[in-house]
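The values are calculated or read from the model by the stated rules, or taken from the named source; none is laboratory data. Computed from a predicted model, the values in this text were never measured in an experiment. A quick note on method: Cβ atoms are made from the backbone with ideal geometry, for glycine too, and the neighbour counts reach across all protein chains shown. Keep in mind that these areas ignore ligands, DNA and RNA; they rest on the heavy atoms of the full protein, side chains included. Shrake-Rupley method; radii C 1.70, N 1.55, O 1.52, S 1.80 Å.
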Amino acid sequence: MISVEKLKVEFGVKPLFSNASFVINDRDRIALVGKNGAGKSTMLKILCGQQKPTSGTVAIPSGTTIGYLPQVMVLQDDTTVREEARKAFAGNTELKARIEGMNAELSERTDYESPEYMALVEKFTREHERYMMMGAEGYEANIERTLMGLGFTRDDLDRPTSEFSGGWRMRIELAKILLERPDVLLLDEPTNHLDIESIQWLEQFLSQSAKAVVLVSHDRAFINNVTNRTLEISCGKVIDYKVKYDEYVKLRAERREQQLRAYENQQKEIADIKDFIEKFRYKPTKAVQVQSRIKQLEKIVPIEIDEVDNSAMHLKFPPCLRSGDYPVICDGVRKDYGQHTVFSDVTLTIKRGEKVAFVGKNGEGKSTLVKCIMGEIPFTGTLKVGHNVQIGYFAQNQAQLLDERLTVFQTIDNVAKGDIRLRINDILGAFMFGGEASEKKVGVLSGGERSRLAMIRLLLEPVNLLILDEPTNHLDMPSKDVLKEAIKAFDGTAIIVSHDREFLDGLVTKVYEFGGGRVKEHLGGIYDFIISKQQERPGIDDATKPSASIDALLGQQRAKDTNADAPAQAEEMSESKLSYIERKEQQRKIRKAEKAVEEAEAKIDKLETRLKELDMELSKPENASDMAIVNEYTDTKRALDEEVERWERLSEELEQIKG
């Protein structure tokens, strides 16, 4: 669908990347990875045409549609949520108006036999068929389904967009792009403004309904669940791995080891040749051999080794003073904004040394409760911050609050006090801002680099209660891993507001869920919470219900359990036997569902092949008005759309069965 040939981008002396060549095919799910500043966002802008490369070509077939979601975009505030999402179907609206106009004209005209009337009938038929293929009147249901999947309620749809925060308005923009169903989706950090449930919905949508996807994300769980291919931008090169992220990490390490061994062997060979040349350079009897070795040396092509950024963010929070046993105690805390109650009756206790997560949809009060704990806003109820508690706070927009006119060094120098000023360069070096990087202006830093710089500010004073509001936004995966380990080793208390499942996994031991004006405590890790939420959801799909045979076995078992006179052998069924029966039934369902998916895929391939053949026929001038071919094209396109919808439904059922 998109072909990239020998792409090169230069912003300074050293190219950002060069000689990049790859192809984006239909149904590709590509993760674009690389450290912060490697050029991932730049690559997306080039693919969508917003930015021009220094050299090279990006070939996009005529008619190919591209949807691009940047990290930051200009948002409109003059419509409701539903009306804004409806803009995705502007083409449908215009087409509908044209069809209605032609229909009115046909009803008024009486020259039924004239060539003009027949041409109008033909045009009306063609446009009406196209309108039906685009979804016709069904787009309103698609709008609701997509917006609600991204976290909006039905009541939200008719509210003005100006009432929503920037994060929610970014969701509207994401919904518009998804509703347009472009041939290629380019998504730059799409999960930054989504909660866990919305991320899971987006994962399912991209996996089953999207055509081709190229995404940049630092959410490891998200890209592993969505992608099947990894493009790495590293050290000025683009390397294509035909696997998902976790497998790419292993392959990359193996590839570098092979390169290193080959490089070492070559260096030994070069050293041996040079030794021979130096040893016999001035011996006439060895002149021929020496010249042969010199030519051999000149022909050797140096083996390149993929550079690896071995510098790491050595994050270590300074030792902290011991706080009271309970740094935070809430009892009946309530917060209202006018008539709107954000939350009420919040009762919780956070013990010293605990690492807890605040999760929930945007706008449910996570950051609001953080501000209550910080003492920044008024509230009702009782909220006690424990004895000797010193709070360190990292806000969502901390990176955006930095002065873009200052250098990295000046930014830290302005807030450092006392002896810490003598160690600024050491601290910057630990955060990968060593050497010339410390003289960079904040304005030229990437989002991840700004986040690292903002994190340094948090380290300048020792604290014993860390409150981190979305700390992983814009951090690359290695930086997130180091930050996670540092928080685990932190001897104080931590409250983490985050939707990053991989980051929270193994880090927190308690989850507070915000929703519906309440705050509910869940003991255990983040995946314990997710599993419990899935079990709570009503309306289990038929595909996930136990089969009749399993239900019968369970019913028989319950009957045996209640029969006091039955022998002991008849009272209980072996757990392993029941597990075996369940497992066999599950495998039978999976095989049946997989077969149905494979059949649908085969039919789709057949229809797509025929559609391409018909398209080529219609491109010939002599066939342009051949109604038989036109009608077959229309019927084939309709059949393909129906089969794709069937494939999506079957794939979703298969995923549900696998559970």
- Grab the Cα-Cα distance for residue 401 and residue 536, subtract it from 0.36 nm times how many residues apart they are, and report the gain in nm with one decimal. 44.6 nm
- With Cβ to Cβ distances under 12 Å as the rule, what net charge do the other residues near residue 509 carry (K, R +1; D, E -1)? 0
- Message: Given a 1.4 Å probe and heavy atoms of the protein chains only, how would you sort 107, 62, 207, 114, largest accessible area at the top?
- Response: 62, 107, 207, 114
- Query: Can you give the FRET efficiency for residue 5 and residue 436, using 1/(1 + (r/R0)^6), R0 = 45 Å, r = Cβ-Cβ distance, to the nearest 0.05?
  - Reply: 0.85
- Note on the structure: tail above 26 Å in the computed P(r) of the range 209-359, as % of all Cα-Cα pairs, reads 65 percent
- Query: Which value, in debye to the nearest 20, describes the size of the charge dipole of the range 146-285 about its Cα centre when Lys and Arg Cβ atoms bear +1, Asp and Glu Cβ atoms bear -1, and nothing else is charged?
  - Reply: 860 debye
- Item | Unit charges on C-beta of K, R, D, E only; dipole of the chain, Debye | 3020 debye
- Item | Residue order for 355, 595, 440 - accessible surface, 1.4 angstrom probe, largest first | 595, 440, 355
- Query: Among 43, 118, 627, what's the order by accessible area (1.4 angstrom probe), most exposed first?
  - Reply: 118, 627, 43
- Mean 1/r over all different Cα pairs, inverted: what Kirkwood radius does the range 417-474 give, in Å? 12.6 Å
- Task: With 10 Å bins from zero, work out the P(r) of the range 1-72 over every alpha carbon pair and list the percent per bin.
- Result: 17, 55, 26, 2
- the chain - share of DSSP beta bridges that are antiparallel (%, nearest 5): 50 percent
- Message: I need the helices of the chain that pass two filters: whole DSSP H segments spanning 24 Å or more by Cα along the axis, and mean Kyte-Doolittle score no lower than -1.0.
- Response: 90-108, 115-133
- Query: What is the antiparallel percent of DSSP beta bridges lying wholly in the range 328-467, to the nearest 5?
  - Reply: 80 percent
- Surface/4 of the Cα convex hull for the range 432-511, nm²: 5.8 nm²
- Rounded accessible area per residue of the chain, 1.4 Å, Å²: 53 Å²
- Which net charge results for the neighbourhood of residue 280, defined as the other residues with beta-carbon distances under 13 angstrom from its beta-carbon, given Lys and Arg at +1 and Asp and Glu at -1? +3
- Message: Show log10 I(q)/I(0) for the chain at q = 0.06, 0.07, 0.10, 0.12 Å⁻¹, two decimals, from a solvent-free Debye sum over equal Cα scatterers.
- Response: -0.48, -0.64, -1.14, -1.43
- Arrange the peptides 456-462, 293-299, 123-129, 358-364 so that the one whose residues have, on average, the most other Cβ atoms within 10 Å appears first. 358-364, 456-462, 123-129, 293-299
- Item | the chain - percent of accessible surface contributed by carbon and sulfur, probe 1.4 Å | 50 percent
- Where in the range 472-491 does the amide nitrogen come within less than 18 Å of the point 7 Å from the Cα of residue 351, taken along Cα to Cβ? 488-491
- Note on the structure: Farthest towards the positive end of the dipole of the chain, among 260, 233, 80 and with Cβ unit charges of +1 on Lys and Arg and -1 on Asp and Glu, lies the Cα of 260
- Message: Under a Cβ-only charge scheme (Lys and Arg +1, Asp and Glu -1), can you give me the dipole magnitude of the range 234-279 about the Cα centre, in debye to the nearest 20?
- Response: 220 debye
- List the pair-distance distribution P(r) of the range 163-243, using every Cα-Cα distance, as the percent of pairs falling in each 5 Å bin from 0 up to the bin containing the longest distance, rounded to whole percents. 3, 12, 24, 26, 17, 10, 6, 1, 0
- Net charge of Cβ neighbours under 9 Å - reference residue 34; Lys, Arg +1; Asp, Glu -1: 0
- Query: Past the 32 Å Cα-Cα mark, which pairs from 40/533; 250/440; 244/595; 40/417; 176/351?
  - Reply: 40/533; 250/440; 40/417; 176/351
- Task: Identify, among 318, 522, 381, the residue whose Cα sits farthest towards the positive end of the charge dipole of the chain, taking +1 on the Cβ of Lys and Arg and -1 on the Cβ of Asp and Glu, with the dipole about the Cα centre.
- Result: 318
- Query: Going toward the positive end of the dipole of the range 80-233, with +1 on Lys and Arg Cβ and -1 on Asp and Glu Cβ, which of 168, 148, 193 do you reach last?
  - Reply: 193
